[in-house]
Each structure stands twice: as C-alpha cells, then as structure tokens.
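S.K.: I am attaching a structure below and will ask some questions about it afterwards.
The values are calculated or read from the model by the stated rules, or taken from the named source; none is laboratory data. Please read all numbers here as calculations on a predicted model, not as lab measurements. Counting neighbours? That spans all protein chains shown, and the Cβs are built from the backbone with ideal geometry, glycine included. Only protein heavy atoms, including side chains, enter the accessible area calculation; ligands, DNA and RNA are left aside. Shrake-Rupley method; radii C 1.70, N 1.55, O 1.52, S 1.80 Å.
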Amino acid sequence: MTENGEDSRPGQASGTLQGRVSGKVDQPVVSDSRPFKGPLADPKNYKDLNDALRSPHVSGDSEGKISPYQPSPPSLPRLSKMGKNSSMDESVRCRRLRNSQESLSDPTETGSSTDSLKENGGIPTTGGFNLSSAATFRNSQDSSVGPLTAPPTGSPASRSRGHSLSECEWRPDQQHTNHPEQRARSSKVRLSPVQPSGPLPALDKKFASATLRAANRIDRDCVDYGRWARGGNGERLHRNLSDSQLLENMVLDSTSVNSMKSTFSVLNPIRPQDVRNRSFLEGSVLGNGALLGAEELDRYFPDRRVGIYIATWNMQGEKVIPTNLDDLLLPTDSEFAQDFYIIGVQEGCPDRREWEIRLQETLGPYYVMLYAACHGVLYLAVFVRRDLIWFCSEVEHATVTTRIISQIKTKGAVGIGFTFFGTSFLFITSHFTSGDAKIYERILDYNKIIEALALPKGLPDTNPYRSTASDVTTRFDEVFWFGDFNFRLSRGRQGVETIMKQTVGDDMSPLLQHDQLSKEMKDGSIFKGFQEAPIHFFPTYKFDLGCDIYDTTSKQRTPSYTDRILFRNRQVDDIRVVKYTSCPSIKSSDHRPVIGVFQVKLRPGRDNIPLGAGQFDRTLYLEGIKRRISRELKRREAMKNQSSSSTICSVS
C-alpha cells in the first residue's frame, strides 16, 4: 500500500499511472512484472527526448507542425505519451520503486552486467539522440513489453532482507535489456562465492627432485611464442629472460606443471628463423647462442650439478661374470639413477666385449657407452645418459704401464678424459704393485702414472694457469682416481680381526689408524691434493670365493682396504659425496666392489671445444638391448608357466 491508500501490486500500478497521465491516451499501457530497462527510465530525459523528436504526432498542437518540405521522423505514439508526461511527479515514481525493492539474489535479476552491456550496445548512454537511434529504440519497444510499469515487489524472502538501495539507485541504465535471450540468461541462479574457513596454506616453491626440475623447464627462446603470435608485430622478447628468472615466479605444483605442458610440449618448439640463424659457433661462457653456454646448462641442470656413479672392482680374472649386475650399478637404496656411470675393472675377465655388453644390458636403453678403453686386463668404460651425449666433447684416452717389461700389462693405469659443457673430467683406474711391505713401489707407480699419462691431447685446457706438465691431474677440473691400490693395514691378521669384532656400527676409525694409504696421503708423498670420503664399510680384501669369510688359505692375508675411490677438484666443494660404500652381494671374486656416488658442479663452456657429435658404440647398444628384451621375455614365460602349473589340482 502507498501513502494514498493505493495498492502497489503490479496489476494496479499501471492503472494508477495511467490515471495520472494527462492528455489523450491512444492505447493502454501493458502491465509487466519486470522493471523498465533502458535509458528512458530516468524521467529527466523525457523532455530532452521530446525536443529531439518533435513532430505533429508528438507535440499534439498546431504550433509544433513541421514544414512539409522538411523531413520528419515516423510517428512515435509510445514516445509521445512519455514526452507529454515528462512533468510527472518524480517523487511518486521513486516512492513506488522503493516500495518494490528486490533482493539482489532474486533469480530474475541476476543477469550479468557484462552481457547486458554487450546486448545494449545499440542504445547510447550519453549525448544526443539521433533519428536512427530513435527508430531502433522504437522498434525494440514495439517488439517487447511496455516499460512504463512499476518494478515488482519481489518474493517475501527478498523483501525481508531489506536492502537499502532501490532498483533505480543501484542498477545502471545500460544493464537493462528486454531481449528474450537476456531474460533467459538472467533466470539462472548464481550462488555466492564460498569463502575459506581459515588461511590457505603457503604454496611450496621447491621441487620434488632434480629430475622434475630438469624435465619441466622452458626454453627462454620459446617463452614469447604465444605473445609473439598474438601480437602480430614480429617483435621478439629479449633473451635476457632466463629460465631461472622465469621459475622464480612460477609455483611448480602438479597443476602448474600440467598447465605448462598444455602450452609448451615436452620438446620445446623451434622456430624456422632460429634454425636458420643459430649456428652454435658464436657463443662464449655467457653467450646466449652457445650450445655449451649458460643457457643450455641451466635448462638441463638448474642447480648446475651432475650425478656421477663410480664403481671399481678387481675381478681376479674370473671367466664367469655374475648374471645380475643390478646390485653393482643400480642399488635399491638409491632414489635416482645418475647421469654418468664410470666402471673400472682390474684383472678383468678374458672376454672384455662380453663384460661391456653385460653393463649395457644392466643399464638399459636410457644409457649409451660414450667410450671404453683398456690396458691389458685393466678395463675402463664410461656410460652417459643418451640425452646428454650432445654436450660431451671428443673423448681421449691414454695408458701407462708400471711393469719393468712394458709388454706385461697387468699393472699400470688407463685414463679417459673429456669435457662436459665447460667442465673437464679425468677418470683413471689403476692397479699398483701388490705386497704388504711394498709401499715405496706403490708410490713409484703413482709418480710414473701422473707424469706419463699423456692427456689431454687435442682438447683445450679449461684452466691452463693451474696446469703443470709433470702432473696430469692438474690439467683437468675434476679428477677421479680409483682402482686396486694394494695399500694394506699395517697390523697382523689377529689384531685386525680383534678390532673388527670390537667395531660398533659403521665407525671404522680404529681400523683406519693402521691404513697405509691414509698415512702416506697425510704425509704428502702420494695423491697430492686428493680427498677420500669417510669409510664406513669393512675391508674389501681378501675373501674366499663365494662367501663372506676372509682368507683362509695358507697365506692368511690381512683384511685391507685395497680398493679405493679418490677425487680432486680445482675449486673447493666442487665435488660432493653422496655415497661411498662396498657391494657385499657380489662374491665371485676375492675383492668386493666399491662404489661411490658424487654430485659434481658444472660450469658453462665455450663452443671452441670439439664436440663428440653424439658418437657412441651403436653395436654394443643394440646387443645389450636385445639381451635385455630376451631376458624379460624368458622371465614372463617362466612366471606364466608357474602360474598355470599352480592352478592344476588333483581330485582323489
């Protein structure tokens, strides 16, 4: 009810409004339950619109007639009625609008303002009202329901909420339309957003593993592909947007990884102009175009550290190779496989090729043999992940014999050197003179090797200012020297066994107090500048074959740490020790294999390094994979036969 005692329901609102309209009425105004949507909802615009559209039909008097020679707009009976009533009492209309306030959650009034603006694009909001827009507005009014009605009162639930803003105060003019599509869209109910009950947990910007970090990087040459294609201006994003800067602002959880994969493939896209222009010969250490530069290094190794797995084993010349080398190369206590596998063997088996095929079969198709060299029964093989082979230089090797007669190649050393990105590596496996008391002879072997090992040959020295001609280990950034050094424990057999029985846990310091190699290294007489990780395993020499019992022969050799892995670097903390232990499960020799896992720091390089061009032993690779497949098929066949035989039952 209004202040005059009139009912404000929609059915009677139009009648009351018609009673207040002065002048002749050509047709009744149709009542509607929707509010008027359009720029004429404001009564202040009636007079301006009447002046712009003045015609004989609009003015209604003889003074407003237009000359027959002047063009006139078509008759607008509906607009003339509104134009005559431009002096309507504004307070009455606003009061009725306030009495019919609705809740914002009313399903009929929840249309999107963006959609309304798009559909009302033909109706101007400000400025003059020209003839074409007037005709458009008239046609839209004729095809819809009459707008001059009071707004609906809304549901009781919405009236009880008591919003303070009226319909004409909070709803913009351009948000209203009478198109059927908009009415259908506005009938959808929109729920209010759900607010969290507490603070959201902080997102973790760390990576789960080094593999994930390397697998989901974006080539900064391709970061701007989408923007470049959308802009169409041909401008390219500057290359100083590095991958590290990009990932600092990116949270790599599962959602972001999946969204990144949807935009960038696993293999980064390459544009034709990059293939034309990028020669990979222009780069320096910091050059963007260098294949071995910082850009490529950061993409594959975000933390600039490569994993290296080293194994050394004196096979005692056994012809029978263990059928399973998984414990030697792929121990179960390692979370990830490494990038390089270096295997050095002393007194190797007679069939060297068979040994290398077994290694390839064990490592599988993920790895290829980069290089292999031998010196008599000394074998050294280098395996690398196949996707990293392109960043390796040409590989060089050299050998040295420490016997008086050079034709006898049972003692000596073999070394392999190459450059990976900008870091040079040298791997040496050696076999020194045996004997408990021959310490001096072993020192002579060491000195001869570092002087006579002719490496590098054609590779450039990455740091010539620290290199010396008398020591090959100074001519490389990272050096790993491993093998059977034959240094013993300077104590009797019974005394060593007594200490071993008293050893608690993995503390081997009581035994290492009698280690000849540790003493000579402290004195500086051998392995100058080298380090060794702490030893937490029992001596690896000498065992009876096939068991864990130390030598029971007549010689009763003292258990000793003859098999060792040492390392040397040019910069402090370039090499981190991850693991240093023995492999007690392989018992086919009187020595136990010793393995070491290291994380080595890499540096970007120049493109003046002769690359290996992805060369590897293809024949060995195919034979190893063939054997691996055959072994898997046999295993499945055996499991199938076992399962079929277990289902057979006898009926008595």
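S.K.: Quick one: in the stretch 555-582, which of the residues that are in a loop (DSSP other than H, G, I, E, B) and under 19 Å from Leu512 (Cα atoms) is farthest from the chain's Cα centre (by Cα)?
M.R.: Let us first name the residues in the stretch 555-582 that are in a loop (DSSP other than H, G, I, E, B), namely 555-559, 561-562, 570-574.
Remaining after also requiring under 19 Å from Leu512 (Cα atoms): 557-559, 561-562.
Details: Arg557: 53, Thr558: 52, Pro559: 48, Tyr561: 43, Thr562: 43 Å.
Across the stretch 555-582, the extreme among qualifying residues is Arg557.
S.K.: With in contact with a Cys (Cβ under 7 Å, 6 or more places away or on another chain) and either assigned to a helix (DSSP H, G or I) or open to solvent by 50 Å² or more (accessible area, probe 1.4 Å) (or both) as the only criterion, which of Lys640, Lys587, Lys626 stands out? Walk me through it before giving the result.
M.R.: On the way: Lys640 fails: in contact with a Cys (Cβ under 7 Å, 6 or more places away or on another chain); Lys626 fails: in contact with a Cys (Cβ under 7 Å, 6 or more places away or on another chain).
Of Lys640, Lys587, Lys626, the one residue that is in contact with a Cys (Cβ under 7 Å, 6 or more places away or on another chain) and either assigned to a helix (DSSP H, G or I) or open to solvent by 50 Å² or more (accessible area, probe 1.4 Å) (or both) is Lys587.
S.K.: Among the candidates Arg606, Arg618, Arg592, single out the residue that is of a type in the set (D, E, K, R) and in contact with a strand residue (DSSP E or B) (Cβ under 8 Å, 6 or more places away or on another chain).
M.R.: Answer to the check: Arg592.
S.K.: For the stretch 597-628, which positions are under 27 Å from the mean Cα position of the chain (by Cα) and closer than 28 Å to Thr581 by Cβ?
M.R.: Listed by number, the residues that qualify are Val597, Phe598, Gln599, Val600, Lys601, Leu602.
S.K.: Something else now. State whether the residues of the stretch 463-475 include one that is open to solvent by less than 60 Å² (accessible area, probe 1.4 Å) and under 19 Å from Gly344 (Cα atoms).
M.R.: yes
S.K.: Among the residues of the stretch 405-443, how many are at pLDDT below 95, on the phi < 0 side of the Ramachandran plot and of a type in the set (A, V, I, L, M, F, W, C)?
M.R.: 3
S.K.: Here are the criteria: (1) touching a Phe, Trp or Tyr at 6+ places or on another chain (Cβ under 6 Å); (2) at pLDDT 95 or above; (3) part of a loop (DSSP other than H, G, I, E, B). Tell me which single one Gly614 does not satisfy.
M.R.: (2) is the only condition that Gly614 fails.
S.K.: Here is a further query. Return the pair list, or none, for Cβ contacts closer than 7 Å from residues in the stretch 437-456 that are free of Cβ contacts under 8 Å to residues at least 40 places away in the same chain and among the hydrophobic types (A, V, I, L, M, F, W, C) to residues that are surrounded by fewer than 21 Cβ atoms within 10 Å (Cβ to Cβ) and not in a helix (DSSP H, G or I), at least 6 apart or on different chains.
M.R.: Close Cβ pairs satisfying both conditions: Ile450/Asp471.
S.K.: Looking at the stretch 355-371, which of its residues are in contact with a Lys or Arg (Cβ under 8 Å, 6 or more places away or on another chain) and closer than 24 Å to Thr399 by Cα?
M.R.: Of everything in the stretch 355-371, those that are in contact with a Lys or Arg (Cβ under 8 Å, 6 or more places away or on another chain) and closer than 24 Å to Thr399 by Cα turn out to be Ile357, Val368.
S.K.: A further question on this structure: Do any residues in the stretch 550-575 that are among the aliphatic types (A, V, I, L, M) have Cβ atoms under 6 Å from those of residues that are open to solvent by 30 Å² or more (accessible area, probe 1.4 Å) and not in a strand (DSSP E or B), where the two are at least six apart or on different chains, and which pairs are they?
M.R.: Leu566/Glu532
S.K.: Determine which single condition Val594 fails, assuming it passes every other condition in (1) within 33 Å of the chain's Cα centre (by Cα); (2) surrounded by 17 or more Cβ atoms within 10 Å (Cβ to Cβ).
M.R.: In the conditions (1) within 33 Å of the chain's Cα centre (by Cα); (2) surrounded by 17 or more Cβ atoms within 10 Å (Cβ to Cβ), Val594 misses (1) alone.
S.K.: Of all helices (runs of 4 or more DSSP H) completely enclosed by the stretch 481-544, which ones contain at least 3 residues that are touching a residue at least 60 places away in the same chain (Cβ under 8 Å)?
M.R.: The qualifying helices (runs of 4 or more DSSP H) are 493-502.
S.K.: Please pick out the residue among Thr402, Thr433 that is within 22 Å of Asn314 (Cα to Cα), open to solvent by 10 Å² or more (accessible area, probe 1.4 Å), among the hydroxyl-bearing types (Ser, Thr, Tyr) and in contact with a Phe, Trp or Tyr (Cβ under 8 Å, 6 or more places away or on another chain).
M.R.: Thr402
S.K.: Of the residues that sit in the stretch 309-347 and are of a type in the set (Val, Ile, Thr) and under 19 Å from Leu426 (Cα atoms), which one is surrounded by the fewest Cβ atoms within 10 Å (Cβ to Cβ)?
M.R.: Looking at residues that are of a type in the set (Val, Ile, Thr) and under 19 Å from Leu426 (Cα atoms), I get Ile310.
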